[in-house]
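K.L.:
Input: one structure, supplied below.
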Amino acid sequence: MAAAAEGRKQQEARGVRKRKDPPSHGQTIAADEEEQRQPQRQQEEGRKRRRKPKTCFVYGNYKSYYSYRIDRNVKEDPRLALFKREWFEGKDCLDIGCNEGLITISIAKKFFCQSILGIDIDAGLVETAYWNLRKSARMKRGNCTSMEASRIQDSECVNSLNTNADPASNGKPSSSQTSLPVDELLKRVSFRHENFVGSLRECSEKYDTVLCLSVAKWVHLNWGDDGLINMFVKIWRLLRPGGILLLEAQPWSSYKRNQNVSATARAQFKSICLRPHNFRELLLDKVGFRSAEVITDSLSGTVVGFDRPVVMFCK
């Protein structure tokens, strides 16, 4: 009997140890709050997974760059209003860092270049530039088609003008011609994927006008003072005697804003000795340009931060 009683006591003791105390009021509330937070956490984790990683344009190779540089109320890039026709008409031109090629194409159409080559370090932007060139040609062809009927009606007048045309013009645009014909546009404009800051070999004099618009900072932040000097020397070697460089340099404040775009930019920024205000002296006294002229100190029609000075350097 004593043994049986002792066994029952041991079983009761084990049962007491297995039973859990009921949760307190505070524990119940905490559990409810935890359950309520679960869906919110799942939603946040889902958003993080769906969120695309931020793209860093380490060479300034922004997509749709012109769309946020130019005021929406302005029809064309305000820099075009500063340029003179004689800088481009009948000339061989080079546009360094052409991005999507819009200003390259506009210069050809407006100023009748003999040829203009746009180069960019971003192969994707070069593809877009060619797409924009084809689009521009299609639009011009469409305008020509819509005017075909009136052209037929005025054919006698056109023939008369052709008869009286100056045979010595050699295809140059007349003073009344305002835009380059489609076929000529496709012949004269080209684009190439290239890192301009490279070897100085084979730099023959083959251009009359070189554009370097809002490019210097990105060369500077990626290749330092040496890269910038190499770029300026290469431009000088590519220009024919009497040729011009149109330089739009970014201010030092813009360098500061973009110094953390990459580890390379951070390192180069710390080592830069040449500042934008030194470029004029560098180009005239070291590189070899003979004169400089400020085209404008600021640009109207641009978004804040893009009203940069444009300077013309003559070889």
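K.L.:
Mind checking which residues of segment 264-296 are under 22 Å from residue 254 (Cβ atoms) and among the small types (Gly, Ala, Ser)?
P.N.:
Scanning segment 264-296 gives 265, 267, 271, 292.
K.L.:
Further question: Kindly indicate whether residue 210 is modelled with pLDDT of 95 or more and surrounded by 21 or more Cβ atoms within 10 Å (Cβ to Cβ).
P.N.:
yes
K.L.:
Can you tell me which residue in segment 167-192 is farthest from residue 111 (Cα to Cα), limited to those that are at pLDDT below 60 and surrounded by 12 or more Cβ atoms within 10 Å (Cβ to Cβ)?
P.N.:
Within segment 167-192, the match that is farthest from residue 111 (Cα to Cα) is 172.
K.L.:
In segment 199-220, how many residues are of a type outside the set (S, T, N, Q) and free of Cβ contacts under 8 Å to residues at least 24 places away in the same chain?
P.N.:
Count: 3.
K.L.:
Can I ask one more? Does segment 257-271 contain at least one residue that is surrounded by fewer than 20 Cβ atoms within 10 Å (Cβ to Cβ) and under 30 Å from residue 84 (Cβ atoms)?
P.N.:
no
K.L.:
In segment 236-268, what count of residues is obtained for those that are in a strand (DSSP E or B) and either over 15 Å from residue 290 (Cβ atoms) or within 18 Å of the chain's Cα centre (by Cα) (or both)?
P.N.:
Adding up the residues that qualify gives 3.
K.L.:
For segment 93-132, what are the residues that are acidic (Asp, Glu), out of contact with any helix residue (DSSP H, G or I) (no Cβ under 7 Å at 6 or more places or on another chain) and in contact (Cβ under 8 Å) with a residue 40 or more places away in the chain?
P.N.:
Within segment 93-132, just 122 meets the criteria.
K.L.:
May I ask you to say which residue of 238, 299, 245 is surrounded by 12 or more Cβ atoms within 10 Å (Cβ to Cβ) and at pLDDT below 95?
P.N.:
299
The values are calculated or read from the model by the stated rules, or taken from the named source; none is laboratory data. Just so it is clear, the structure is predicted and the values come from calculations on it, not from any experiment. For neighbour counting, all protein chains shown are included, and Cβ atoms are generated from backbone atoms with ideal geometry for every residue, glycine included.
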